[in-house]
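One structure is given here, and the rest of the page talks about it.
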Amino acid sequence: MRILHIVATPRGSESHSLRVSEAFLKGLAEQSGDVEVDVVDLYRHDLPAVAGDNLEAKYSLMVGRPIDRGHQESWQQIESLIEHFVSADAYLITAPMWNFGVPYALKYYIDCIVQPGYLFRYDETGQVVPMVTGKRMVCVTARGADYSPGSFLHPYDFQEPYLRAIFGFVGITDIRFIHAQPMDITPHQREAALGEALAQARELGGGFLVQPAGAAA
Ligand SMILES: Cc1cc2nc3c(=O)[nH]c(=O)nc-3n(C[C@H](O)[C@H](O)[C@H](O)COP(=O)(O)O)c2cc1C
């Protein structure tokens with residue numbers, strides 16, 4: 001199994017979300033030595049422009065036209081990013097909440113890879129056909145405050161609904177979330193919440209290989 005670990009925090013060893021993801025990967029590695037983890041660190045990775053030639057190419061695809069010759073060379077950068085994404089068997093996203101949503105680097109990556117004809121297509125009746133099927137995703141987030149269901153801030157959580165929507169749209173519907181929250185209110189709350197998230201991550205990692213795709217609630 002090859003897991004693509006998409007790292008969307010720039011905080012390195014200081015990162016709460018990364019610490020929780022590492023616990024997930026440790027739990028997974030303890031189950032099997034046959035797991036390959038491929039890392040895309042979005043703050044150390046030059047992503048192709050979603051402008052200029054690549055935007056022209058995208059608009060050609062959106063209206064069902066072939067990509068013009070002059071835009072093809074540039075588009076190969078987008079294609080290789082997509083190929084790298086779709087070649088994984090499962091995904092781990094590590095992302096802090098930034099301004100109620102995902103950090104800009106993750107949004108930029110999504111803007112690069114979610115392309116018609118590659119991750120989704122339309123059938124002859126205009127219905128969307130997702131093209132990334134049979135794969136699972138785990139999203140580890142860290143938030144300064146607490147957005148748990150029932151809390152005052154829950155309606156401001158645009159991070160989990162967005163990730164579920166965009167990856168569900170392309171066919172990844174089996175998505176588990178682990179939220180480390182609240183990280184920035186008091187040290188006591190942080191330690192308690194981090195401990196809980198680490199335990200959840202170890203457990204999820206430990207059982208990940210035995211759960212069939214589609215098993216997530
Ligand atoms: C630019 C920026 C925006 C943030 N926006 C939010 C926010 O909307 N809600 C929140 O609860 N915390 C917010 N935070 C706090 C982080 O989510 C929190 O510190 C988290 O633990 C960081 O995760 P990390 O250590 O994995 O990077 C923000 C932090 C930064 C740097």
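Only one residue in Y118, Y122, Y91 is away from the ligand (no atom under 16 Å from the Cβ), over 16 Å from the mean Cα position of the chain (by Cα), buried (at least 18 other Cβ atoms within 10 Å of the Cβ) and of a type in the set (S, T, Y), so which one is that?
On the way: Y122 fails: buried (at least 18 other Cβ atoms within 10 Å of the Cβ); Y91 fails: over 16 Å from the mean Cα position of the chain (by Cα).
Going through Y118, Y122, Y91 in turn, the sole match is Y118.
Take the residues of segment 29-64 that are among the polar types (S, T, N, Q) and within 30 Å of F208 (Cβ to Cβ): which is surrounded by the fewest Cβ atoms within 10 Å (Cβ to Cβ)?
Looking only at segment 29-64, we keep the residues that are among the polar types (S, T, N, Q), and these are 31-32, 54, 60.
When the remaining residues are screened for being within 30 Å of F208 (Cβ to Cβ), the result is 31-32.
On the way: Q31: 14, S32: 11.
It comes out as S32.
Look at A192 and say whether it is hydrophobic (A, V, I, L, M, F, W, C), farther than 23 Å from M1 by Cα and touching a residue at least 40 places away in the same chain (Cβ under 8 Å). Break it down into steps so the answer makes sense when it comes.
Details: hydrophobic (A, V, I, L, M, F, W, C): yes; farther than 23 Å from M1 by Cα: yes; touching a residue at least 40 places away in the same chain (Cβ under 8 Å): no.
The answer is no for A192.
Each row is one residue, and each column tells you yes or no for (1) of a type in the set (G, A, S); (2) outside any helix (DSSP H, G or I); (3) modelled with pLDDT of 95 or more; (4) out of contact with any Asp or Glu (no Cβ under 8 Å at 6 or more places or on another chain).
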site: V132; (1), (2), (3), (4): no, yes, yes, yes
site: I166; (1), (2), (3), (4): no, no, yes, yes
site: R190; (1), (2), (3), (4): no, no, yes, no
site: A197; (1), (2), (3), (4): yes, no, yes, yes
site: A215; (1), (2), (3), (4): yes, yes, no, no
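Are any residues in segment 94-115 more than 10 Å from the ligand (Cβ to nearest atom) and not in a helix (DSSP H, G or I), and if so, which ones? First the steps, then the outcome.
So in segment 94-115, the residues more than 10 Å from the ligand (Cβ to nearest atom) come out as 102, 105-115.
If the condition is that a residue be more than 10 Å from the ligand (Cβ to nearest atom) and not in a helix (DSSP H, G or I), then V102, V114, Q115 are the ones that fit.
Out of everything in segment 125-161 that is among the charged types (D, E, K, R) and within 16 Å of the ligand (Cβ to nearest atom), what residue ends up being nearest to S15 (Cα to Cα)?
Narrowing segment 125-161 to residues among the charged types (D, E, K, R): 135-136, 143, 146, 157, 160.
Adding the requirement that they be within 16 Å of the ligand (Cβ to nearest atom) leaves 143, 146, 157, 160.
Numbers: R143: 11, D146: 17, D157: 20, E160: 19 Å.
Per the criteria, the residue is R143.
The values are calculated or read from the model by the stated rules, or taken from the named source; none is laboratory data. Only a predicted model underlies this, so the values are computations on that prediction, with no experimental measurement involved. So basically every Cβ, Gly included, is an ideal-geometry build from the backbone, and we count neighbours across all protein chains shown.
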